[in-house]
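The values are calculated or read from the model by the stated rules, or taken from the named source; none is laboratory data. All values derive from a computational prediction rather than experimental measurement. Cβ: placed from backbone, ideal geometry, glycine included. Neighbour counts: every protein chain shown. Remember, those area values only see protein heavy atoms, side chains included, never the ligands or the DNA or RNA. Shrake-Rupley method; radii C 1.70, N 1.55, O 1.52, S 1.80 Å.
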Amino acid sequence: MNTSSGRALDSITTPHKASPSGPLAYGYTPAVARHFDNHPLPGATERGRVVRVDRSLLLVAAGSDLLHLPYPLTGDAAVTGDWVWMGPNRAGDRQVLGVLPRLSELSRKRAFEDSSEAQVLAANMDMVGVVVPVDRPLTHNRLERTLVAAWDSGATPLVIVTKADLAGVADDVVGKVILQAAGVEVVTTSAGTGDGIPELLAHIPAGGTIVLLGPSGAGKSTLINALVGHDVQHTGEVRSGDFRGKHTTTSRELVPLPNGTVLMDTPGVRGFGLFDAEDGIGGMFGDIEALAGQCRFTDCAHQSEPGCAVQEAIAHGVLEERRWHNYLKLQRELAALARRSDAAAQRAYQREWHQKVVMAGKSQRSAERDLSEQRGRKDRPGRKRR
């Protein structure tokens, strides 16, 4: 989207009424106005929203203007979608004074494995649109992992199937997605033909914000162009060999629609490490947790115990074994993350494993010594032991 400091947005109108002291085109609704009223900041005179985070500046919507402003000097770092208080600096220009508490937040664990920090991808969205293209194999585990993060964000997840006109297997993919994303609405779209675009818009609340999340080449930018009605995002080709596309979106940016809806495109996300997503786990795997509560024993490990409702469901085809193993994997990931961020939990974990070693009657060193002695006896078959 081509923007510049102080550029007016006179051509954009919104159907809802809100206080003129906020950026109407970027989701400033009466509810947001009350959120500002409930969190006043001394010295603040203007309300705005972060449209894009650049390397050294924030692009902030203020009224009908778009301004490039420095990062706030204190408080939390701002991300795309944040609501911010502004006020004059010593030179009389506007500056960001503070970031309001987030109403919703989409986060993931940072890419490097040893990190226990969260990377905030988007803030203050009403919906998380998980984009699933039909022109590539459906990755069930990835879909579940992304939906867990969407549930945990505090926003409403929505699965958006794209490129329905490019493959004859669209109905089959949609059917699998509906089964996989139980409890989540699924909308099928084709940006090329316009099919499903009105239905998608109908799912987003008036003045609401939806962030589109999916792999590179999934058709997010093309979908945004179809929703806006003209090209505002660059698009690229997708390789047929590995279904990878160019990262045509390089930053997260809010894109307003004439009807008051706000879209956020994001760069293609290859991995989605979970961060503190217990609520999201419950939202996505509520059926498994309900089964676990039906086991005969309250401390059931769900392996070979009699009366295990989970294993019975797997045996009878009620619960897919792949889904059960993915649930366990995500639980282990969250537990490992908690241990890295909690020193006491890490010490308890180490004590637990130490006790298991002691109960086994061998340390690692003694086990290696026994193995060495066994090999020595095999090398000397004629020698009697004393």
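Observations on the structure shown:
- The stretch 289-300: number of residues that are part of a loop (DSSP other than H, G, I, E, B) and either within 16 Å of ALA315 (Cβ to Cβ) or open to solvent by less than 50 Å² (accessible area, probe 1.4 Å) (or both): 4
- Assessment of the stretch 178-186 against the conditions (open to solvent by less than 10 Å² (accessible area, probe 1.4 Å), at pLDDT 85 or above, under 18 Å from LEU213 (Cβ atoms) and not charged (D, E, K, R)) yields no matching residue.
- Residues satisfying the stated conditions in the stretch 189-200, i.e. at pLDDT 90 or above and open to solvent by 50 Å² or more (accessible area, probe 1.4 Å): PRO198, GLU199
- For THR261, the requirement of being modelled with pLDDT of 80 or more and hydroxyl-bearing (Ser, Thr, Tyr) is met.
- A search for C-beta distances below 8 Å between a residue of the stretch 166-178 that is farther than 18 Å from ALA191 by Cβ and any residue that is modelled with pLDDT under 80 and assigned to a loop (DSSP other than H, G, I, E, B), counting only pairs 6+ apart in sequence or on different chains, returns LYS176/LEU138.
- The stretch 44-57, subset in a loop (DSSP other than H, G, I, E, B) and touching a Gly at 6+ places or on another chain (Cβ under 6 Å), residue most open to solvent (accessible area, probe 1.4 Å): THR45
- Scanning the stretch 58-76 for residues that are closer than 17 Å to ALA122 by Cα, out of contact with any helix residue (DSSP H, G or I) (no Cβ under 9 Å at 6 or more places or on another chain) and open to solvent by less than 70 Å² (accessible area, probe 1.4 Å) yields LEU58, LEU59, VAL60.
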